[in-house]
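Student: I am attaching a structure below and will ask some questions about it afterwards.
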2 protein chains.
Amino acid sequence: AWCQAAAQKLSGGIGSKLCGMLGKERGWGWRRRGNLLPATDGDTKTMTFLQEVVDILLAYIVESFDRETKVIDFHYPNELLQMNNWELQDEPATLDDILISCRATLKYAIKTAHPRYFNQLSTGLDMVGLAADWLTSTANTNMFTYEVAPVFVLLEYVTLKKMREIIGWPDGRGDGIFSPGGAISNMYAMLLARFKMFPEVKEKGMSSVPRLVAFTSEHSHFSIKKGAAALGIGTESVICIKADQSILVALVQGFVPFFVSATAGTTVYGAFDPLIAISDICKKYNIWMHVDGAWGGSLLMSRRHRWKLDGVERANSVTWNPHKMMSVPLQCSALLVREEGLMQNCNQMHACYLFQQDKHYDLSYDTGDKALQCGRHVDIFKLWLMWRAKGTIGFEAQIDKCLELSEYLYNKIKDREGYEMVFDGKPQHTNVCFWYLPPGIRYMEDKEERKKHLHKVAPVIKARMMEYGTTMVSYQPQGDKVNFFRMVISNPAATFEDIDFLIEEIERLGQDL
Amino acid sequence: AWCQAAAQKLSGGIGSKLCGMLGKERGWGWRRRGNLLPATDGDTKTMTFLQEVVDILLAYIVESFDRETKVIDFHYPNELLQMNNWELQDEPATLDDILISCRATLKYAIKTAHPRYFNQLSTGLDMVGLAADWLTSTANTNMFTYEVAPVFVLLEYVTLKKMREIIGWPDGRGDGIFSPGGAISNMYAMLLARFKMFPEVKEKGMSSVPRLVAFTSEHSHFSIKKGAAALGIGTESVICIKADQSILVALVQGFVPFFVSATAGTTVYGAFDPLIAISDICKKYNIWMHVDGAWGGSLLMSRRHRWKLDGVERANSVTWNPHKMMSVPLQCSALLVREEGLMQNCNQMHACYLFQQDKHYDLSYDTGDKALQCGRHVDIFKLWLMWRAKGTIGFEAQIDKCLELSEYLYNKIKDREGYEMVFDGKPQHTNVCFWYLPPGIRYMEDKEERKKHLHKVAPVIKARMMEYGTTMVSYQPQGDKVNFFRMVISNPAATFEDIDFLIEEIERLGQDL
């Protein structure tokens, strides 16, 4: 009955025919032959094979959300290399071997959807987003022209416009692109800022422009420096700013400040720079204002939290990664740009084999020449379909819930014995940074000795977490601060109980240290 | 029976339980509620929903390979905007609406798997590659650390090594990365070449180095210039080379040649630069030699055709896109680098929240700091699984077949009435560039008038192809050459009959022009 029901849904009667054959074919014969499409009569074998893979994936998904399952079945690299035959051969494998490889790959994968996976800014797995990504893979096309990706190009247009409206630019006007991650989005912004001030740089390079200097917040993401290195600006020309005094110093020294990257949600502390104050400075000195909201940009979707980004509408460009706080499957990062046409002017090279000027449709939809990439993966559909399924209010509820969980964690540990907070006050985002002090070092008199011990606590607890596979959370040192836990919550599957579990687990695994 | 068979395959008995519930739940109730995972008891609703999506995808796949189906159901952008409600709303949609959106998206998608889709260098859809991409989406993780992508990091290591062995570097030693497309791979190469010669550029920028100049082949890909613009080198410092005379001129003028990009398989003509001769020049002047084999690199897999890349083993870096000639789903592009450690030195920024130095495993597997990106999509699994399924000999057979088809096309039209070839001699790759002259202009005396007419022929035929939806092939002008068809074959589904069909279709659609 199930088979028939499924078959009826398949269009044009193909399904019905296939499902009948599927029953007969589900023995072992198809595996030995392995004649998938485009082989003649490969239809049924293909359906059977793909359905087997889907069954494996569905089981993995259900398992991933089960708290009784491990987050990770950890093995050291040299062990893992031995645990399966990963080598590539001259001869083909059987489809059976392919299914075995799929199972092995998932067995040792990290369950990023698991309610107790907190390790990165991107966590969780949205079912509609996943379905959309499966569809994207099946459509297997390229964003460079309307010709080969008509729907996806339109959806990118619709979605970027909506995001610009939410930023607060009039009528959602402006420009933008989905890029392969926040680091590239930030690099785009720096590239545009330089081109805006010195368009001749495109043809003549950096030798045609004065010594440029960029400013960013103290705890900004490392991609600002990576971008500066790549673009030939140099990391020494990126200055960590605390006040507009730095800009004056640079001017006096004969540098040309061209770019300020304010951070909306720093990677470690989740802090928000004061965007209005920064925009005043940028206006005064006529500097491009970029907001790196890769992590914090999604708070724009929340009526309760969007005030943290007040002033974002004054920015020239904004990075906003829906693959972080909005739980869109990786990768999904947008760069939004206030000025129309600048991206095209900055990056276009007029490749005549792609962007023919005598095509029969409106060429403004051939957006490929805006990009640094030539081929560009379709990252839009998963965001668009999730937005459709949740509505703006669904994203808002999801984001608000994560912030509520982090406030719960903060309140739970801020006065708890054995805990110290890394920064003062309530977190602005879902980042809660803290030290756990095992009983043995809690009352150590020698501050230096205590610090030395404390530095080793988080790595050991983390290693044990991974070996037990019960949960995952990140740790790190920062400046003169020894290793602390950086807890972040972007996982829609997490609950108050999972926060309780994390704390219990840290104490269980760390009490003897 | 089908249901039970599938259920037995699901691990841990989950499948069996779910499949039972699935039968009961397959009414309409689940759609109204729409409570997918991570909702409590969301398992069955999730399985049902995802299975419905998979059914839609399976039907689309089978249709895509059916020659009776259109390649494209074309609509102009303003029409397509009207044909569905694509707008994003505040309120959530039902899961029914989500399924409708999936169907609508596929209805207007280009069937890139269709045996008669020849429009780009990336065509076709491999079933194992697709399965691998579905698994990748489900695993939803990030390549930056072994910690969160243990298997994928190992598979990248294994596969890059194998590709370097095929290039011919001793024991497959060297470095590399999978990047978001050939343009970015080429940009990486230029970045590494600059850093190798002037490591201080990372900190001090272009003001610390002399005027650099890069050389590339006349018909090289536009990404070389895009890269030069982005990196602050400037497009005017990219010189299209014909002989080593250009390098001498540059030296005399006081420029520092730092980078030569030879092309193995140009985008339009599919031509291969003479790599041995170029490597001699690079050696003489101590210049970084890059081979852009985005399109032609895959010929290294073919014993019959790899001589076209003789000398590639002398390169410092090679771009090779398995998503083109090897039909791996988009995106899958590798940059291979001969020198070990250089990528790390060039791009690392030591982010302490990701690359903690006191982790409990071998840190050489945390490859993220080599990249310009922070988060990086998993592009490796589809290539690895396809390689596994086909073996090296399977890729070889697939590539050889495409080259055979293109030779068939060349032989068919080179002396046929109404055709003129754009370049002399047999194509080196699968690119066959030709004009079709409709009878009306075939014997025009006035050469200029004939040229003017001919320029309009290909765009009209292409527009008609898209409106009928029967096939898709690219056209373009090049220099003083008016619009011609650029036929490329990378689609494993294509046959001799499809080539015959293309020619018949061009004649059918163009005879009245």
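Student: Going Cα to Cα from A:Lys161, which aspartates and glutamates come in below 17 Å? Please leave out same-chain ones fewer than 8 positions away.
Tutor: A:Asp171, A:Asp175, A:Glu313, A:Glu339, A:Glu340, A:Asp366, A:Asp379, B:Glu87, B:Asp90
Student: Using +1 at the Cβ of each Lys and Arg and -1 at the Cβ of each Asp and Glu in the stretch B:142-378, identify which of B:Trp169, B:Pro274, B:Leu336 lies farthest towards the dipole's positive end.
Tutor: It is B:Pro274, whose Cα lies furthest towards the positive end.
Student: Using DSSP to define loop residues, name the GluC sites (Glu not before Pro) in the stretch B:340-421 whose beta-carbon has at most 13 other beta-carbon atoms within 10 Å.
Tutor: For GluC sites (Glu not before Pro) across the stretch B:340-421 that sit outside H, G, I, E and B with at most 13 neighbouring Cβ atoms in 10 Å, the list reads B:Glu340, B:Glu417.
Student: Please calculate the 1.4 Å probe accessible area of B:His75, with all protein chains present, and give it to the nearest 10 Å².
Tutor: Accessible surface of B:His75 is approximately 40 Å².
Student: Accessible area per residue, 1.4 Å probe, Å², for the stretch A:86-166: what's the number?
Tutor: The answer is 22 Å² per residue.
Student: Turning to a different aspect of this structure: Is there a quick way to get the dipole size of the protein assembly as shown? I mean about its Cα centre, with the Cβ of Lys and Arg at +1 and of Asp and Glu at -1; what is the value in debye to the nearest 20? If you can, show how the numbers build up before the last one.
Tutor: Working: 114 positive and 120 negative charges, 104 e Å.
About 500 debye.
Student: Could you state the accessible area per residue of the stretch B:424-513 in Å², with a 1.4 Å probe and every protein chain left in place?
Tutor: I get 41 Å² per residue for the stretch B:424-513.
Student: Once you place label points 7 Å from the Cα toward the Cβ at B:Lys414 and A:Asn286, how far apart are they in nm?
Tutor: Taking the simple label geometry, B:Lys414 and A:Asn286 are separated by 6.2 nm.
Student: Given 4 °C and 1.567 mPa s, how large is the Stokes-Einstein diffusion coefficient of chain A in µm²/s, with Rh as the Kirkwood radius over Cα pairs?
Tutor: It comes out at roughly 50 µm²/s.
Student: Can I ask one more? What nm distances, shortest first, do you get from the label point of B:Asp512 to those in the other copies when the point sits 7 angstrom along Cα to Cβ?
Tutor: Listed shortest first, these distances are 8.6 nm.
Student: With the Cα gyration tensor of the stretch B:142-378 giving a ≥ b ≥ c as the square roots of its eigenvalues, does the rule (a/c under 1.5 for rounded; else a/b larger than b/c for prolate; else oblate) give rounded, prolate or oblate?
Tutor: Oblate, because a/c is 1.5 or more while a/b does not exceed b/c.
Student: Let me ask something else. For chain B, give the percent of accessible area contributed by carbon and sulfur heavy atoms, probe 1.4 Å, rounded to a whole number.
Tutor: 51 percent
Student: Can you give me the C-alpha center-to-center distance between the stretch B:138-199 and the stretch B:284-301, rounded to a whole angstrom?
Tutor: Going from one Cα centre to the other spans 15 Å.
Student: Whole-Hz ³J(HN,Hα) for each residue in the stretch A:507-512, computed from phi via Karplus 6.51 cos²θ - 1.76 cosθ + 1.60 with θ = phi - 60°, x for glycine and proline: what do you get?
Tutor: These are the phi-based 3J(HN,Hα) values: 5, 4, 7, x, 4, 8 Hz.
Student: Could you work out the relative contact order of chain B, using alpha carbon pairs under 8 angstrom and six or more residues apart, expressed as a whole percent?
Tutor: 18 percent
Student: Sort out for me the Cα centre separation of the stretch B:362-383 from the stretch B:43-96, rounded to whole Å.
Tutor: When both Cα centres are located, 32 Å separates them.
Student: Moving to a separate point now. Listed here are the pairs A:Lys462/B:Lys196; A:Lys70/B:Lys162; A:Lys70/B:Lys382; A:Lys414/A:Lys447; A:Lys111/A:Lys390; which of them are more than 30 Å apart at the Cα?
Tutor: A:Lys462/B:Lys196; A:Lys70/B:Lys162
Student: Here's a follow-up. Can you give me the distance in nm between label points at A:Val252 and A:Val422, each placed 7 Å from the Cα along the Cα-to-Cβ direction?
Tutor: 3.4 nm
Student: Taking a label point 7 Å from Cα toward Cβ, how far is B:Pro199 from its twins in the other copies, in nm, shortest first?
Tutor: From this label point to the equivalent ones elsewhere in the assembly: 4.0 nm.
Student: What's the total accessible area buried between chains B and A, using a 1.4 Å probe, rounded to the nearest 100 Å²?
Tutor: 15000 Å²
Student: Please work out how much length the chain gains when fully extended from B:Ala463 to B:Thr40, using 0.36 nm per residue of separation minus the C-alpha to C-alpha distance, in nm with one decimal.
Tutor: Result for the pair: 147.1 nm of gain on full extension.
Student: How much mean residue ellipticity at 222 nm does chain A get from its helices, if each DSSP H run of length 4 or more adds -39500 (n - 2.57) and you divide by all residues, to the nearest 500 deg cm²/dmol?
Tutor: That calculation yields -14000 deg cm²/dmol at 222 nm.
Student: Report, by chain and number, residues whose modeled amide H sits under 5 Å from the one on A:Phe484, excluding near sequence neighbours (fewer than 5 apart, same chain).
Tutor: Under 5 Å from the amide H of A:Phe484 lie the amide H atoms of A:Gln476, each far enough along the sequence or on another chain.
Student: Around A:Gln89, which amide H atoms from residues at least 5 apart in sequence, or from another chain, sit under 5 Å from its own amide H, with H modelled in the peptide plane?
Tutor: When sequence neighbours closer than 5 places are left aside, the close amide H contacts are B:Thr392.
Student: Evaluate the relative contact order of the stretch B:142-378 (contact order divided by residue number), counting alpha-carbon pairs under 8 angstrom at least 6 apart; express in whole percent.
Tutor: Here the relative contact order equals 27 percent.
Student: Would you mind giving the mean number of other chain beta-carbons within 10 Å of the Cβ of each residue in B:296-303, as a whole number?
Tutor: Per residue, the average neighbour count from other chains is 0.
Student: Oh, and also: How far is B:Asp500 from itself in the other copies, in nm, if each label sits 7 Å out from Cα along the Cα-Cβ line, shortest first?
Tutor: List, nearest first: 7.3 nm.
Student: Further, regarding this structure: Between rounded, prolate and oblate, where does the protein assembly as shown land on the alpha carbon gyration tensor, with a ≥ b ≥ c its root eigenvalues, rounded for a/c under 1.5, else prolate if a/b exceeds b/c? Could the numbers behind the result be given before it?
Tutor: Numbers: a/c = 1.57, a/b = 1.17, b/c = 1.35.
Oblate, because a/c is 1.5 or more while a/b does not exceed b/c.
Student: Run the dipole for chain B about the Cα centre, Lys and Arg Cβ at +1, Asp and Glu Cβ at -1, nothing else charged, and hand back the magnitude in debye, nearest 20.
Tutor: Charge dipole of chain B: 540 debye, to the nearest 20.
Student: Under a Cβ-only charge scheme (Lys and Arg +1, Asp and Glu -1), can you give me the dipole magnitude of the stretch B:422-513 about the Cα centre, in debye to the nearest 20?
Tutor: The calculated dipole for the stretch B:422-513 is roughly 320 debye.
Student: Let me ask you something else. By the gyration tensor of its Cα atoms, with a ≥ b ≥ c the square roots of the eigenvalues, what is the shape of the stretch B:68-155: rounded for a/c under 1.5, prolate for a/b over b/c, or oblate?
Tutor: Details: a/c = 2.66, a/b = 1.34, b/c = 1.98.
Oblate is the answer for the stretch B:68-155, as a/c is 1.5 or above yet b/c matches or exceeds a/b.
Student: Within the stretch B:88-125, which residues have the backbone N less than 20 Å from the label spot 7 Å out from B:Arg508 along Cα→beta-carbon, could you tell me?
Tutor: Within reach of a label on B:Arg508, which here means backbone N under 20 Å from a point 7 Å along Cα→Cβ, the stretch B:88-125 contributes B:111-119.
Student: Now for a separate question. Tabulate in residue order the Karplus-calculated ³J(HN,Hα) for the stretch B:192-197, using 6.51 cos²θ - 1.76 cosθ + 1.60 with θ = phi - 60°, rounded to whole Hz; enter x for Gly and Pro.
Tutor: My calculation for the stretch B:192-197 gives 5, 4, 5, 5, 4, 7 Hz in order.
Student: Separate question: Sort out for me the Cα centre separation of the stretch B:457-496 from the stretch A:480-513, rounded to whole Å.
Tutor: Cα centres, the stretch B:457-496 to the stretch A:480-513: 58 Å.
Student: Keeping all protein chains in the complex and leaving out DNA, RNA and ligands, what accessible area do you get for B:Leu88 with a 1.4 Å probe, in Å² to the nearest 10?
Tutor: My reading of the accessible area for B:Leu88 is about 10 Å².
Student: Taking Cα pairs under 8 Å and at least six residues apart, what relative contact order does the stretch B:390-510 come out at, in percent?
Tutor: On the way: 143 pairs, mean separation 34.5, N = 121.
Contact order relative to length: 28 percent.
Student: So which residues of the stretch A:210-255 lose at least 20 Å² of accessible area, probe 1.4 Å, when you go from the chain by itself to every protein chain present?
Tutor: A:Arg211, A:His221, A:Phe222, A:Lys226, A:Ala229, A:Ala230, A:Leu231, A:Gly232, A:Gly234, A:Thr235, A:Glu236
Student: Separate question: What are the aspartates and glutamates whose alpha-carbon lies under 15 Å from the alpha-carbon of A:Lys202, with same-chain residues fewer than 8 places away excluded?
Tutor: Straight-distance partners of A:Lys202: A:Asp369, B:Glu236.
Student: Considering the convex hull of the alpha carbon atoms of the stretch B:390-510, report its projected area averaged over all viewing directions, in nm², one decimal.
Tutor: 8.1 nm²
Student: Can you tell which of B:Ala193, B:Asn85, B:Gln51 lies farthest toward the positive end of the dipole of chain B, using +1 and -1 charges on the Cβ of basic and acidic side chains (Lys, Arg; Asp, Glu)?
Tutor: Checked the options; the winner is B:Ala193.
The values are calculated or read from the model by the stated rules, or taken from the named source; none is laboratory data. Keep in mind that what you see is a predicted model, and the values were worked out from it rather than measured. Don't worry about glycine lacking a Cβ; one is built from the backbone with ideal geometry, like all the others, and counts go over all protein chains shown. Only protein heavy atoms, including side chains, enter the accessible area calculation; ligands, DNA and RNA are left aside. Shrake-Rupley method; radii C 1.70, N 1.55, O 1.52, S 1.80 Å.
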